[in-house]
Amino acid sequence: MRLQLPGLVMGYDEKGSGPPLLLLHGFPLTRRLWRKQLELLQDTARVIAPDLRGFGETEATPGPYSMDLLASDCFTLLDQLGVDGPVVVGGLSLGGYLALAFFRRYPERVAGLILAATRAGADGPEARANRDRNIALAQEKGAQAVAEGMLPRLLAPRSYEALPDVVDEARDIMRGASDTGVVGALQGMKDRPDSTDLLPNIDRPVLILHGSEDQIIPPAEAEAMHGRLRRSYLKLIPDAGHLPNLEQPITFSAEMRTFLKSLL
Ligand code: MLT
């Protein structure tokens, strides 16, 4: 589905009924990342999964896309969909940076957080230099060059042989990234604020899900967030890398369901 928001056409999926659950995808992906969770959780929640600015069916405007800008896009979408109470905000990787930005901006609108394959810290000098290299790559060769560069580390090493459909699916989802969107998101992630000090102030329940073999964001980052949060539950998902919801959809969704039910 697509919706005209003030200043932005936004693509999104919506399925199920119950308490609202906003699902935010990672980089350089689209809302298709959450296809299985929409199916598996539709009996538990009203699941809303937008394409972030510059990805999938959401318009690509020139960057940078700050985390605040992307969080406010999602807030406007919820508003237009008539969701005006608290929501559970779940995000994977970039989506997790955004879930934290959403809490920082609209704490009264957050019933709980799901932080998947993400970290609280900002980019250090090495990560920032890597962002610049990827921005240059996207500008010279396009978004798909960045996507292809990420693919070999996106999944757990054994998923490449054991789960060929998931490899194809990940590659396919990344085809929905636009050149402008990739540059805008890389610029925004490079300058995102550090959320480490926010964690002890989050007085909502938080579910942390992380692939035990994540090659992009090490599981130690999930453990560090768990150590600073007041009300968190951490589950490391075996045989999963940076896309645990695609690699182990049943386990991942079951953890989400238990968490959602605990909030009712
Ligand atoms: C993501 O999966 O969203 C990205 O790997 C996050 C990042 O590049 O920091």
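The distance separating the Cα centre of the stretch 10-51 from that of the stretch 190-264 comes to 17 Å. Summarising the overall dimensions of the stretch 116-264 from its C-alpha atoms, the Rg and Dmax are 16.4, 49 angstrom.
Shown for the chain: lysine pairs separated by 8 or more places, or found on different chains, whose C-alpha atoms are under 28 Å apart, numbering 8.
Of ARG2, ARG53, ARG228, the sequence from fewest to most neighbouring Cβ atoms within 10 angstrom is ARG2, ARG228, ARG53.
Once the C-beta distance of ARG171 and ALA122 is scaled by a Förster radius of 35 Å, the resulting FRET efficiency is 0.75 to the nearest 0.05.
Cβ-to-Cβ counts within 10 Å put THR196, THR180, THR58 in ascending order as THR196, THR180, THR58, the fewest first. Potential lengthening of the chain between GLU108 and GLN215 amounts to 35.1 nm, from the contour at 0.36 nm per residue minus the alpha-carbon distance. Treating each Cα of the stretch 208-264 as one equal point scatterer and applying the Debye formula with no solvent, the log10 of I(q)/I(0) at q = 0.13 Å⁻¹ comes out as -0.32. Each Lys and Arg adds +1 at its Cβ and each Asp and Glu adds -1 at its Cβ; summed about the Cα centre, the stretch 72-212 shows a dipole of about 260 debye. Here the dipole of the stretch 86-163 is about 180 debye; that uses its Cα centre as origin and unit charges on the Cβ of Lys and Arg (positive) and Asp and Glu (negative). Annotation: for a label point projected 7 angstrom from Cα along Cα→Cβ of SER262, residues of the stretch 174-213 with backbone N closer than 14 Å are 204-210.
For the chain, the average shadow cast by the Cα convex hull is 12.1 nm², which is a quarter of the hull's surface.
By the count of other C-beta atoms within 10 Å, a proxy for reagent exposure, LYS15, LYS235 are ordered fewest to most as LYS15, LYS235. Between ASP43 and ALA224, the FRET efficiency from the beta-carbon distance, with R0 = 35 Å, is close to 0.55.
Read-outs throughout are calculated quantities, based only on the coordinates presented, and are distinct from any laboratory measurement. Just so it is clear, the structure is predicted and the values come from calculations on it, not from any experiment. Note: ideal-geometry Cβ built from the backbone for every residue, glycine included; neighbour counts use all protein chains shown.
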